[in-house]
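Report on the structure given below.
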Amino acid sequence: MELTLKQYQKIRLVIVIVLAFFISQSIVFRNFFIPVILLITSSLLLMYFRKKVKGVIADERDYAMGGKSAFLAMQIYSWIAVVFMFLFYAMSDLNPYYYPVAMTLAFSTCILMLLYSVIFRYYNKINFADKKLIYSVFILALFLAIVLAFSLRLFSGEDSWICQNGQWVEHGHPSLPAPTANCD
Amino acid sequence: MKNKIKELRAKMNITQEELAEKAGVRRETIVFLEQDKYNPSLKLANDVAKALKTTIDKLFIF
């Protein structure tokens, strides 16, 4: 079975609409497992259909434009995220809910920059090196270690609220007020 | 960079779509090339030249 570019674009549109519908419903029902499964499934499906397309989907001009657009998008996002991060951080004394927003913006910008540097370095040097596999594994391990360190810091629960005997108890120095959800 | 793609394509009596297929690119890229709005890589320049049965130095005006 071969697909034309137009058929592929139609299939892609349908998948995006279905995905958007299920993700929005999952958020409403607070089920975050379904969107992850759906995202993986739809990515695999799109990869499968992409291989079935007869003809060229993207050529060197698309890749050149994509590279420039991605670079510009990253710069714009980083600037906006950093400015708003400082704003939210400065206002976190007024409202403690601003603090996690500021941290999310800060960490997402750091990870984006880090990812960009790793990929840039890969294409710049390692892709042509003799020991390509060793370099790639080392850089991937380093990147995963840094992401893991960030994640552990974020989700460590060192400064959070713990549910004990039907009451929210401070653990460390949480920046947010006690959760409003019932503690059973 | 100026080129003679449109002229040679007309002489060979082939469409942009056909040339794109032979060169392994999208039709829009041929449109951009013919309008001198895109400078191709050496590989693409060679592929287009081959598709038009000519050479890079005769196709592109440096």
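What follows is calculated from the coordinates using simple rules that are stated; it is not laboratory data. These numbers were taken from a predicted model, which means no experiment stands behind them. Cβ coordinates were reconstructed from backbone atoms using ideal geometry, including for glycine residues, and neighbour counts include every protein chain displayed.
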Which whole-number percentage describes the relative contact order of region B:2-57, with Cα contacts under 8 Å and a sequence gap of 6 or more?
-> 35 percent
Return the single residue from A:Ala106, A:Ala129, A:Ala90 with maximal mean-square fluctuation; model: Gaussian network over chain A, springs between Cα atoms under 10 Å.
-> A:Ala129
Per-residue mean of C-beta atoms belonging to partner chains within 10 Å, peptide B:25-31 | 4
Stick to the Cα atoms of region A:49-184, pair each with every other, and give me the Kirkwood hydrodynamic radius in Å at one decimal.
-> 18.9 Å
Between A:Val28, A:Val137, A:Val83, which gets the highest mean-square fluctuation from a Gaussian network model of chain A, Cα cutoff 10 Å?
-> A:Val28
Selection from A:Ala58, A:Ile162, A:Ile126, by position along the positive dipole direction of chain A (Cβ) = A:Ala58
Checked against the positive end of the charge dipole of chain A (+1 on Cβ of Lys and Arg, -1 on Cβ of Asp and Glu, about the Cα centre), the farthest of A:Asn31, A:Ile76, A:Leu13 is A:Leu13
Cβ density ranking, 10 Å radius, fewest first, applied to A:Trp161, A:Trp79 yields A:Trp79, A:Trp161
Name the cysteines of chain A that stand alone by the Cβ rule: no other cysteine Cβ under 4.7 angstrom.
-> A:Cys110
Rounded, prolate or oblate (a/c below 1.5 giving rounded, otherwise prolate when a/b exceeds b/c) for region A:5-52 by Cα gyration tensor = oblate
Looking at the square roots a ≥ b ≥ c of the eigenvalues of the Cα gyration tensor of chain B, which shape do they give, rounded for a/c under 1.5, prolate if a/b is larger than b/c, or oblate?
-> rounded
Candidates A:Ser151, A:Ser108, A:Ser26: whichever shows maximal mean-square fluctuation once chain A is modelled as a Gaussian network with Cα springs under 10 Å | A:Ser26
With an 8 Å cut-off on Cα pairs and a minimum separation of 6 or more residues, tell me the relative contact order of chain A in percent.
-> 13 percent
For A:Thr41, B:Thr29, A:Thr109, ascending order of other Cβ atoms within 10 Å (fewest first) is A:Thr41, A:Thr109, B:Thr29
Where does each of A:Ile146, A:Ile40, A:Ile11 land when they are ranked from fewest to most other beta-carbon atoms within 10 angstrom?
-> A:Ile40, A:Ile146, A:Ile11
